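Chemist: To start, I am sharing the structure in question, which I have written as structure tokens.
The values are calculated or read from the model by the stated rules, or taken from the named source; none is laboratory data. No experiment lies behind these values; they were computed from the predicted model shown. Just so you know, the surface numbers come from the protein's heavy atoms only, side chains and all, with ligands and any DNA or RNA stripped out. Shrake-Rupley method; radii C 1.70, N 1.55, O 1.52, S 1.80 Å.
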Amino acid sequence: MAPQYKLSCLTALHMLLCIASAISPEGEALLRWKSTLLNSTYLSSWSHAESTCNWFGVTCGHAGHVTALDLSWLSLNGTLDALYFPAFRNITTLDLCGNNLVGTIPENISLLLTLTYLDLSNNYFVGVTPHQLGKLPWIHYIDLGNNYLTNPDPAKFLPLSTVQTLHLNDNNLNGTFPQFILNRTNVRLEDLDLSGNFFSGSIPETLPDMVPNLLFLDMSSNMFSGLIPSEFGNLTSLESLHLSWNMLSGGLPPSFSMMGQILNFDVGNNHLLSGNIPLELFSNWTELGFFSIANNSFTGSVINKDFCKQRHLQFLDLSNNLLSGMLPGCLWNLPNLTYMDLSSNAFVGEVTTLTNDASPLESVHLSNNSFSGYFPSLIKNLESLVILDLGDNMFSGTIPSWIGASLSMLRILRLRSNMFHGSIPWEVSQLSHLQLLDLAENNLTGSIPVSFANFTCMIETTPEMDVSAILASFETFGDMPYMYTGTHYSYDGQMDIIWKGRDYTFHKTITLMTGIDLSSNFLSGEIPAQLVNHQALRFLNLSRNNLSGGIPKNIGSLKNVESLDLSWNKLSGRIPPSISDLLCLSLLNMSNNLLSGEIPTGNQLQTLNDPSIYSNNLGLCGLPLSTPCKHDSSSATVLDQPNEHDHELETLWLYYSVIAGTVFGFWIWFGTLFFWNIWRITFFNCIDAMQQTVMQKMVST
């Protein structure tokens, strides 16, 4: 054999030996596990051609042993059964969250004796929460949230004395508060999340004493009942407390004021919490960023001058309680407040402020209170406003013309059920981002501005406006509509909307909803033809006004409209055939108008077979009404020739007008004589004088 050939063979053999030596025992274990996984595209680097330490998601220490495995959010499909845990003698971090892993969590996970960080959240693990986790001597972070795990055996669960973070949220845990947490010794726990389970019973009074180092406690979305222990005031280091969506009752203990480090406080949606809010809370809570007591039965006055000291407050939700009193002007000057919901309470008085400083508020909900006075001028300073809801109050006066130029970011404007009068200012059409306009149940007059055609977001249909997403937002007991991330709070939105004749509360996807409701006013004139060019509209309600003229011929352009109500007006003429092009239509009301001719048919109209939606239109005929249309030899005669019903209706209205005028004139004269004594005496004196004059002429003759 030639020397060169021997050399090349030795070189190749050396390379093979080097590659073979590069695959550690941990690497072999990972390769065997990979062979059982589906959708392992991200693990293409896992092969004998690469050193284990160069594999995706793998971190090695100085000695070449695997110390961390991070395969989070890769959508891996499979189980942990084939992962040989004894091979990993130096691993400290195991992060497999956000995958599609199924099956049980293996008991031999307790063999990862060097593990400090374990995250198996957001998978599909089932079965009992392994009590073997208590055998991990150095573990300080455990996250098993968002799985389908059930209760561990508390008798076998060793104390988690080293754990600082424990997340068991959104599983199938039930029963009373887990005893294995209360049985811990040498406690270091700082972050405990038990939310989204089925725990019931009372909150243990001993919890604050057993776990005094808590910084974050989330027990929301369970079935805890009874009083909130006053001992919680001993958690002086607590920064976040979430007890919402339970069945807790009673009041807030005054001892809560001792939690001076609190940043996030949420006891909303318990429905049974009541009494006054201890005002000393706001004297001591100087770092508060999130505060929600929504959907309870709290009473009294919450917002006072001390409340205005919350300079860090970003999110405030007091909605659906029995709170009362007037709002201090300083409330509108909180420098970081972006979301405020005071709706459905008993607040009164005018909404005013002492300064004209700009505010970062993006969402303001004041509906269903007893606020009065004119349209609040302070809103002119809310240049970042996206949602404004002043509905169901006693505001009066006119809608200000500055609304268009000052609130350029506004998407949702709800002023329904107030006492606003005058015409709708055309400047409203300057709100180019507006996608939901509700001015119903006021005293508005004049015509619908033709410039309403300028609502860009109502004209253009965007891909994200999905009907299924909107319908999915009708939630009675949905997820919490807010999110806390670090020091930033966001809110997906919530609002009551009359949708298809019913009152719905929209959550999450309120910004996807588009519609116009001008019903129950005194608007007159014709429906602007440009209005029906809004292809993104989901609902249009112009009912109970004095609108006249015909229905726009291009009504079929409302391609996405699902609810159309034009009832109780004075609309005349035929229903345009293009209405059959409304393929999404599920609610229609044309009743109580002066419409005539044959009712169009076809497509979605075939499913709307309730006669009442066309009732009290004397000139309408055809299905679903029982009045047949008079056709001659040509089926198009009814459509092409002038309709006699139109002339009959005009004649009928003429007779009505003459009769009404006669009656009105009669009562002007004779009613005045009857009720006003001086005029009656003067009138009869004149009659007597005329009679005497006539008699004298007759005698002389």
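Chemist: For Lys559, what accessible surface area do you get with a 1.4 Å probe? Give it in Å², rounded to 10.
Modeler: Surface accessible to solvent at Lys559 totals approximately 100 Å².
Chemist: Can you give me the pair-distance distribution of the stretch 108-170, C-alpha pairs, 5 Å bins, whole percents?
Modeler: Histogramming the stretch 108-170 at 5 Å steps yields 4, 19, 30, 28, 18, 2 percent.
Chemist: OK, next. On the first, second and third principal axes, largest extent first, how far apart are the outermost C-alpha atoms of the stretch 162-272 in Å?
Modeler: On the principal axes, the stretch 162-272 reaches 37, 34, 21 Å in Cα extent.
Chemist: On to the next question. Given a 1.4 Å probe and heavy atoms of the protein chains only, how would you sort Phe157, Phe224, largest accessible area at the top?
Modeler: Working: Phe157 20, Phe224 0 Å².
I get Phe157, Phe224, largest accessible area first.
Chemist: Oh, and also: Expressed as a whole percentage, what fraction of the accessible surface of the stretch 383-451 belongs to carbon and sulfur atoms when a 1.4 Å probe is rolled over the protein heavy atoms?
Modeler: Values: 1170 of 2210 Å².
Roughly 53 percent, rounded to a whole number.
Chemist: Please report, largest first and rounded to whole Å, the three semi-axes of the ellipsoid equivalent to the stretch 345-443, where each semi-axis is the square root of five times an eigenvalue of the C-alpha gyration tensor. Don't jump to the answer; show the numbers that get you there.
Modeler: Details: eigenvalues 68, 56, 31 Å².
Ellipsoid semi-axes (Å, largest first): 18, 17, 13.
Chemist: Roll a 1.4 Å probe over the protein chains and send me the accessible area per residue for the stretch 296-429 in Å².
Modeler: 36
Chemist: Mind scanning Lys309/Lys380; Lys570/Lys630; Lys305/Lys380; Lys34/Lys156 and naming the pairs with a C-alpha gap bigger than 27 Å?
Modeler: Lys34/Lys156
Chemist: Continuing with the same structure: I'd like the distance separating the alpha-carbon centroids of the stretch 295-330 and the stretch 343-371, in whole Å.
Modeler: After rounding, the separation between the Cα centres reads 11 Å.
Chemist: So who's got an amide H within less than 5 Å of the one on Thr67, skipping anything under 5 residues away but keeping other chains? H placed 1.01 Å off N, in plane.
Modeler: Under 5 Å from the amide H of Thr67 lie the amide H atoms of Thr59, Cys60, Gly61, each far enough along the sequence or on another chain.
Chemist: In µm²/s, what is D for the stretch 64-204 at 20 °C and 1.002 mPa s, where D = kT/(6 pi eta Rh) by Stokes-Einstein and Rh is the Kirkwood radius from Cα pairs?
Modeler: Working: Rh = 15.3 Å.
This corresponds to a translational diffusion coefficient of 140 µm²/s.
Chemist: Rolling a 1.4 angstrom probe over the protein chains, ignoring ligands and nucleic acids, what is the accessible area of Phe56 in square angstrom, nearest 10?
Modeler: Its accessible surface works out to 90 Å², give or take rounding.
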